[in-house]
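The values are calculated or read from the model by the stated rules, or taken from the named source; none is laboratory data. Source: prediction; values computed, not measured. Virtual Cβ from ideal backbone geometry, glycine too; neighbours counted across all protein chains shown.
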């Protein structure tokens, strides 16, 4: 069974310079009942201007933008509108760009060509104050993080929590984990919350990264 991604109601601004990509994104996002696309922009400066005017909840931002790139635009947006959420949607996978984008304040990083469900999961995570990383870039981020806490912390996890953690490492969303383990989405949320509490981390990405670095989950 396919469980749809649960996304909080969100007003979204799209900042993308490719007209076809921009149109496709707008149409795809508008098909979701909880998403309202409030505007579009073709470069970083116009994106900032639109965000200041429209006050969206989420900005879906490309990196390779004319005049002002998405990384610099994100940093400016976070300074001007601290409560705004930025989801990077880009084809850029260079280590320096990934780390720079996250350091600039991006809440999520998605690779173009991924499924719409991945983008929805990223938007949902950002709206909930969490971080979302495309599975393709998790290892890059892992290499730039500090060493994990001792492996003993993982001994606190139950067998079911370890199963959930393994799927989190694979980049799966809560609905996808529920589907794989034949659990309800609410049960998965409870397990994810338990994992984060036991590992003393703030979000699911940190938990997954710790598991990878500690060699608990391969």
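Conditions tested, residue by residue: (1) within 24 Å of residue 173 (Cβ to Cβ); (2) modelled with pLDDT under 95.
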{"position": "2", "(1), (2)": "yes, yes"}
{"position": "12", "(1), (2)": "yes, no"}
{"position": "39", "(1), (2)": "no, no"}
{"position": "51", "(1), (2)": "no, no"}
{"position": "63", "(1), (2)": "yes, yes"}
{"position": "82", "(1), (2)": "no, yes"}
Looking at (1) surrounded by fewer than 18 Cβ atoms within 10 Å (Cβ to Cβ); (2) part of a helix (DSSP H, G or I); (3) at pLDDT below 90, which one does residue 78 not meet, given that it meets all the others? (3)
Filter region 192-206 down to residues that are more than 14 Å from the chain's Cα centre (by Cα) and in a helix (DSSP H, G or I) and give me whichever is surrounded by the most Cβ atoms within 10 Å (Cβ to Cβ). 195
The conditions are (1) surrounded by fewer than 23 Cβ atoms within 10 Å (Cβ to Cβ); (2) touching a strand residue (DSSP E or B) at 6+ places or on another chain (Cβ under 7 Å); (3) touching a residue at least 40 places away in the same chain (Cβ under 8 Å); (4) closer than 15 Å to residue 49 by Cα, and residue 73 fails exactly one of them. Which is it? (1)
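Before we move on, is residue 122 in a helix (DSSP H, G or I), touching a helix residue (DSSP H, G or I) at 6+ places or on another chain (Cβ under 8 Å), modelled with pLDDT of 90 or more and crowded, with 24+ Cβ neighbours inside 10 Å?
no
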Can you spot a residue in region 78-101 that is within 11 Å of the chain's Cα centre (by Cα) and farther than 26 Å from residue 49 by Cβ? no
